[in-house]
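**Q** I'd like to ask you about the structure that follows.
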Amino acid sequence: MGAQGGGRDKAKRTVMGEIAGRYADYIILTNEDPYDEDPGQILSDIKSGISNFKFQISNLYEIIDRREAIKKALSLAQAGDIVILTGKGGEVWMCVENGKKIPWNESDVVKEELKNVIMNLR
């Protein structure tokens, strides 16, 4: 997930897709910091690298809403799995079009969504 914000090194996107396609069982492409770039295009650029491998396409999800993507990742996880979230870390903003910044705390979102996933299992 993530690690490819808008206005950055576009050539790196395909490589990130290749790495994910090689090592991940599931891939969820989502929004990070698109700035003024089309988030769908960023995901498409990453996805082009995934297709270079025999990755099971049914295990690939494109979910622009980052919270929903995190929820999906946590709901797919089984005992012994590792969920890796890339791109936001300790950042406190999501940067979108026209210089707008949306408050964001990835740690809090993960805690909230993990709690919801656990509650739904009961």
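**Q** Using θ = phi - 60° and the Karplus curve 6.51 cos²θ - 1.76 cosθ + 1.60, what whole-Hz ³J(HN,Hα) does each residue of the range 22-34 get, with Gly and Pro shown as x?
**A** Each residue of the range 22-34 in turn: 7, 10, 8, 7, 10, 10, 10, 8, 8, 6, 10, 10, x Hz.
**Q** With the cut-off at 1.5 for a/c, could you classify the range 46-88 from its C-alpha gyration tensor as rounded, prolate or oblate? Numbers along the way, then the final one.
**A** Working: a/c = 1.85, a/b = 1.29, b/c = 1.43.
Oblate.
**Q** Explain nothing, just the number: relative contact order of the range 55-122, from Cα pairs under 8 Å at least 6 residues apart, as a whole percent.
**A** 28 percent
**Q** At 1.4 Å probe radius, can you tell me the per residue accessible area of the chain in Å²?
**A** Solvent-accessible surface per residue comes out at 62 Å².
**Q** While we're on this one: When the accessible area of the range 22-107 is split by element with a 1.4 Å probe, what percent falls to carbon and sulfur?
**A** 51 percent
**Q** Over the range 19-92, what is the relative contact order in percent, taking alpha-carbon pairs closer than 8 angstrom and at least six residues apart?
**A** 38 percent
**Q** Could you list, bin by bin from short to long, the percent of Cα-Cα pairs of the range 1-58 in 10 Å steps?
**A** Result, from short to long distances: 27, 56, 16, 0 percent.
**Q** Right, something else. For the range 76-86, take each phi angle, set θ = phi - 60°, evaluate the Karplus expression 6.51 cos²θ - 1.76 cosθ + 1.60, and give the result in whole Hz per residue in order, putting x for glycine and proline.
**A** 7, 5, 10, 3, x, 7, 10, 9, 10, 10, 10
**Q** Same structure again: Rounded to the nearest 500, what is the chain's calculated 222 nm mean residue ellipticity when only DSSP H runs of at least 4 contribute -39500 (n - 2.57) each, over all residues?
**A** -13500 deg cm²/dmol
**Q** How big is D, in µm² s⁻¹, for the chain by Stokes-Einstein at 25 °C and 0.890 mPa s if Rh is the Kirkwood radius over C-alpha pairs? Intermediate results must be reported in sequence, preceding the final value.
**A** On the way: Rh = 14.9 Å.
Rounded, D is 165 µm²/s.
The values are calculated or read from the model by the stated rules, or taken from the named source; none is laboratory data. Since this is a predicted model, take the numbers as computed values, not measurements. Surface areas here come from the heavy atoms of the whole protein model, side chains and all, with no ligands, DNA or RNA. Shrake-Rupley method; radii C 1.70, N 1.55, O 1.52, S 1.80 Å.
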